[in-house]
Each structure stands twice: as structure tokens, then as C-alpha cells.
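This report concerns only the one structure given below.
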Amino acid sequence: MERIPIFAANWKMNKTIKESAEFFKEFIYNISGIVDREIVIAPAFTCLQEIKAMLQKENSNISLCAQNMHFKDAGAFTGEISPVMLQEIGVKRVIIGHSERRHIFGEDNNFIALKVISAFNYGILPILCVGEKLEEREGNKTFKVIDEQLSKGLSEVKEDFLKDLVIAYEPVWAIGTGKTATPLQAQEVHEYIRNWFEKKYNLSLAKIVRILYGGSVTHDNIKFLMDCPDVDGVLVGGASLKNDLFTKIIKYDII
Ligand code: PEP
């Protein structure tokens, strides 16, 4: 089965509602007619509803994505957003376990695992981020870290759900640093992840699961990354904030 490539934008804590709406006015036009790849945008929570309305009005098939969520449906969790709230807006995907959540906000694999199960249970498809820190790569611990993030992060997920799972391999040392993994480094880890799914589950699942690369992706390096056999798309931070740059990334083989 063919793996449809995904081009995902993680806007992090950037863009107001007004700025997001301005971006979309032009962006929807820039990418109109593209049907062979999935375009995913993860704006700030405050923008989700407005953007959803815009996408519906324009009949756009861009997938709306949240950057995070709590695993509980409601309760005394000040400052958190629940899967029910995301479901109400009509969010298709959610980023879980981004390295900034792990390393700035202290989310561990067990907490992340609860979010992954919860997202699936509410019909929101998770993009589970994994990736090693620089010292872990230098200490030859990359595969050990990835194995632990996948084993724990997916520990309780029913196998039936996994065909809809997206993994984003994001080496922490490459996020927002301008240092991209070489295509060789990216492919090596992506292949490890695909083999992990084959060993743990089966070959047909391993062939379906989409694995994105993230970490300083630009229009200059996208082609080399997308040429890797196990890279099924990208998760883009900085370069997704600019309409023309993100469009160039999405259309890397068209224009
Ligand atoms: C990210 O935040 O997921 C990311 C990959 O950021 P950047 O593209 O800026 O490195």
C-alpha cells in the first residue's frame, strides 16, 4: 500500500488568529490542486476554530492538527485542553511528545503513552514525536532512546489503531538549530523505526506506518530528505511560518 506523504507545519507559539487567517488566505490558493500529499497545519489552540471555519468555507482538505492535548476528557487540569474539546472543533490530528513538551515541560514516556491512547479513543490521529538529544547520539544511544520512546509511548495502544499512527523522527539537536540530519542519518533512524514495527508487530503494519522527519527542514534540503526510502514526509517548524517557504517545501518536486 502506498504511503501518502505528509507535509506538516508546527507553528508552536506563533501567529495570532489574525495572522493565521492572513496566512491561510494566500496559502489555500498556493496549494490548490494538490491531491497526492496530505498537508497538515498545527496552529496555536486559540486559532483552531477560526481556521477550521476557513477551511470549511474554502472546501479545503488541509488537515487541522493540535500541538498537544491532555489525556483526560475533563477535570481540574488548569491550562490544559482535552480531546473532547479538540473533537468538538473537528481537529483531525494531534502532535504528541514533541521534544519541547518532553524537555521543556518534562513530559515523560508514560505520560505521553496516556495521551496517545486517549487521542485514538477520541478519533484524533496522533503524530508521535521521537528523537535523541545530542549527547545521546554522541554516546551511541540513538536507537536505545528511540526504542524506549516507541515501546513505552505505544505500550497500551490497540494494534488496530496503529495503521493510522504517524511517527515523527525529530533529533533534538536538529530542531530549530539550522543543523539538519544528513539524509543518511535520517534514513538510518527511519529504517530502524520501520524495522521496529516489523519486529514488534508485523511487516504489513511496518509498510503502512508513516514516518516523518523533523529538524530544520527547508526548501534547500527537502528533496534530499524526501529521496530517502523510509522518509514519508516532514514536520516543519520555523520554515512553515512563511507562506512561500512552506509552499516551496510542499511543492519541492513540482516547482
Ligand atoms: C519542530 O518544531 O517540530 C521542528 C522540526 O522545528 P524546526 O523545523 O524549526 O527545526
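The values are calculated or read from the model by the stated rules, or taken from the named source; none is laboratory data. What you are looking at is a predicted structure, and each value in this text was computed from that prediction instead of being measured. Glycine also receives a Cβ, built like all others from the backbone with ideal geometry; neighbour counts cover every protein chain displayed. Just so you know, the surface numbers come from the protein's heavy atoms only, side chains and all, with ligands and any DNA or RNA stripped out. Shrake-Rupley method; radii C 1.70, N 1.55, O 1.52, S 1.80 Å.
Quick notes on this one:
- Per residue, in Å², the accessible surface of the chain once ligands and nucleic acids are set aside, probe 1.4 Å: 48
- Cα→Cβ-extended label distance, 7 Å offset, between K144 and T177, nm: 1.9
- Globularity ratio of segment 6-250, using Cα Rg and 2.2 N^0.38 Å: 0.96
- Note on the chain: helix-only mean residue ellipticity at 222 nm, from DSSP H runs of 4+ residues weighted -39500 (n - 2.57) and normalised by residue number, equals -11500 deg cm²/dmol.
- For the pair segment 43-122 and segment 193-218, the centres of their Cα atoms are 22 angstrom apart.
- Modelled spin-label separation between E22 and K199, with each label point placed 7 Å from Cα along the Cα-to-Cβ direction: 5.0 nm.
- Stretching the chain fully between D108 and K52 yields a gain of 17.1 nm (0.36 nm per residue, less the alpha carbon separation).
- Portion, in percent, of the accessible area of the chain that falls on carbon or sulfur, probe 1.4 Å: 53
- Evaluated with a Cβ-only charge set (Lys, Arg +1; Asp, Glu -1), segment 92-194 carries a dipole of roughly 260 debye about its Cα centre, given to the nearest 20.
- Potential extension, E2-E159 segment - 0.36 nm per residue separation minus Cα distance: 54.5 nm
- Peptides 21-32, 116-127, 143-154 ordered by packing proxy, namely the average of other Cβ atoms within 10 Å per residue, highest first: 116-127, 143-154, 21-32.
- For the pair T78 and D253, a Förster radius of 45 Å applied to the C-beta separation gives a FRET efficiency near 0.50, rounded to the nearest 0.05.
- Label zone (I208, point 7 Å along Cα-to-C-beta; backbone nitrogen cut-off 11 Å) within segment 107-139: none.
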